[in-house]
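Q: Handing you a structure now.
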Amino acid sequence: MDFTQRLSMSYYKTIAAINESHNVYLVQHQENQKIYLKKVLDVYNLHIYEYLQSHHITGIPKVYDIYAENNQLTVIEEFISGTSLQDIIAAQTLSIELIIRFICELCDILGKLHFLNPPIIHRDIKPSNIIITPYNHVVLVDFNAAKYLTNKSNSDTMLLGTKGYAAPEQYGFGSSTPQTDIYALGILLKELSSALPTSTSLFDSIISKCTQINPSDRIENVHKLRTEFERLKGQHKTDSQFTKSGAWHNIVPPGYRTKTPWKALIASITYLFIFWICLTLEVQDSTIIQLWIERIISLFIMLSIVFCCFNYCNIQRFMPLCKKNHRIIRYIGILLLNIEVIFSLFLIMTLLVTIF
């Protein structure tokens, strides 16, 4: 680091540690008083950061200063105010419209990188590396795993990415290409889709096209991927004509929402069986009115079990445990929600039977 770089470095005063284990800090410039983000990287591509410093790309934090010393790179970049996509997934506040918007904006950002000469491959697309601004715009961060596209015959010799999102070629089965980022977008889309309040098969075809093992079988580039989403946007608007927000999809009973024939068949048999069991229920020493009260409440109890388990009309939002990422905790939350609803309906039935 030369004297000029040392002087430039001295202007930034650390005011808070954002992620000390990863050497990420909030700093303030002593002259202009502006807030920036400081990162100290052990793994990086200096040429990538030099390009980002001299060429600002919309949707990527602006890089103001970089300086390399002792096999580390210190980066001073724009501080982005917003929420990580990981936190939005955990809060379960996603909608189909938001997913389409986020992926389309990611395609626009990656398009500016992939169509450079040579292209830049991000190689670490995941929810925690995506910031959503207060105006629902996407910002892609963390370029320490990024690389320029080189000879495709050279395989990646080191995994720089995140397990679960990294494409097969990042494990040494080939060289990273723009299809590597497309694979990660497919995995990201799958996770976003799974976080929706109600399940949907709207994205299944695109997820499959993005996550093929062979890179040449994936969607060719992010521009074509964006076109696929524009088509989906039109399809979703057509399917959601009942209301602008798609409430029609929310009130369709579990089993029919994905329009999958075998699911609809199983759901039909299940609902018919529940109706038959409950409406033919016989209770001794009950009047006609009491009998029908018990039959109808029993029907509600049986249906409530189905609705709670499959999050009908986002009913699980009333039980915080249902929103947890840990599967066992989430299942315990669903069980407690079922117990609460069944107990409430049983009390109502007891009260009505007593009155009549």
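The values are calculated or read from the model by the stated rules, or taken from the named source; none is laboratory data. This one's a predicted model, so the numbers in the text were calculated from it and none came from an experiment. A quick note on method: Cβ atoms are made from the backbone with ideal geometry, for glycine too, and the neighbour counts reach across all protein chains shown. SASA here: full protein model, heavy atoms, side chains in, ligands and nucleic acids out. Shrake-Rupley method; radii C 1.70, N 1.55, O 1.52, S 1.80 Å.
Q: How about the stretch 281-291: which of its residues are charged (D, E, K, R) and either crowded, with 17+ Cβ neighbours inside 10 Å or modelled with pLDDT of 80 or more (or both)?
A: Result: 282, single match.
Q: Got at least one residue in the stretch 190-207 being β-branched (Val, Ile, Thr) and touching a strand residue (DSSP E or B) at 6+ places or on another chain (Cβ under 6 Å)?
A: No, every residue in the stretch 190-207 fails to be β-branched (Val, Ile, Thr) and touching a strand residue (DSSP E or B) at 6+ places or on another chain (Cβ under 6 Å).
Q: So, in the stretch 1-57, how many residues would count as being under 25 Å from residue 109 (Cβ atoms), in a helix (DSSP H, G or I), open to solvent by less than 60 Å² (accessible area, probe 1.4 Å) and touching a Phe, Trp or Tyr at 6+ places or on another chain (Cβ under 8 Å)?
A: Of the residues in that region, 3 qualify.
Q: So which residues in the stretch 103-154 are in contact (Cβ under 8 Å) with a residue 60 or more places away in the chain and assigned to a strand (DSSP E or B), if there are any at all?
A: Listed by number, the residues that qualify are 120, 121, 138, 139, 140, 147, 148.
Q: In the stretch 292-328, what residues are out of contact with any helix residue (DSSP H, G or I) (no Cβ under 6 Å at 6 or more places or on another chain) and open to solvent by 70 Å² or more (accessible area, probe 1.4 Å)?
A: 292, 296, 310, 317, 318, 320, 323, 325, 326, 327, 328
Q: Here is a further query. Counting only residues that are at pLDDT 65 or above and surrounded by fewer than 19 Cβ atoms within 10 Å (Cβ to Cβ), how many does the stretch 163-174 have?
A: Going residue by residue through the stretch 163-174, those that are at pLDDT 65 or above are 163-172, 174.
Now drop any that are not surrounded by fewer than 19 Cβ atoms within 10 Å (Cβ to Cβ), which leaves 163-164, 168, 171-172.
Adding up the residues that qualify gives 5.
Q: Determine whether residue 348 is part of a helix (DSSP H, G or I) and open to solvent by 60 Å² or more (accessible area, probe 1.4 Å).
A: Yes.
Q: In this structure, is residue 216 surrounded by fewer than 14 Cβ atoms within 10 Å (Cβ to Cβ), modelled with pLDDT of 80 or more and farther than 24 Å from residue 123 by Cβ?
A: Considered against the rule, which asks whether it is surrounded by fewer than 14 Cβ atoms within 10 Å (Cβ to Cβ), modelled with pLDDT of 80 or more and farther than 24 Å from residue 123 by Cβ, residue 216 comes out as no.
Q: Has the stretch 63-86 got any residue that is of a type in the set (Asp, Glu), at pLDDT 90 or above and more than 21 Å from residue 130 (Cβ to Cβ)?
A: Yes, because at least one residue in the stretch 63-86 is of a type in the set (Asp, Glu), at pLDDT 90 or above and more than 21 Å from residue 130 (Cβ to Cβ).
Q: I've got another one for you. List every residue pair whose Cβ atoms lie under 8 Å apart, where the two residues are 6 or more positions apart in sequence or sit on different chains, the first residue falls within the stretch 332-352 and is closer than 16 Å to residue 294 by Cβ, and the second residue, located anywhere, is acidic (Asp, Glu).
A: Matching pairs, first to second residue: 349/294.
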